[in-house]
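What follows draws every value from the coordinates through simple rules; no lab data is involved. Just so you know, these numbers come straight off a predicted model, no measurement behind them. Don't worry about glycine lacking a Cβ; one is built from the backbone with ideal geometry, like all the others, and counts go over all protein chains shown.
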Amino acid sequence: MPLNQNKIISIILEQCQDIEERCRGYHNEVLNVVAEILILESLHRTNKLNIQQKINDKINATGLFLSNNISES
């Protein structure tokens, strides 16, 4: 993996740790959705997916996760 990709990953991990833990598992959920979006972006380069809709779906799913779990915290 090129050095700049490693730097990007380390920055993303660092920034995700600075996000307020709004409910149990929130950091992991954010990390997972960021990873999924990066994978979608990579696939989009070769397959020309409807990337905006897929990213919207991931963000909405994360919002639903937060909504369902914030009342339990």
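Can you spot a residue in the range 37-60 that is part of a helix (DSSP H, G or I) and in contact (Cβ under 8 Å) with a residue 24 or more places away in the chain?
yes
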Go through the residues of the range 23-35 one by one and say whether even a single one is in a loop (DSSP other than H, G, I, E, B), touching a helix residue (DSSP H, G or I) at 6+ places or on another chain (Cβ under 8 Å) and surrounded by 15 or more Cβ atoms within 10 Å (Cβ to Cβ).
yes
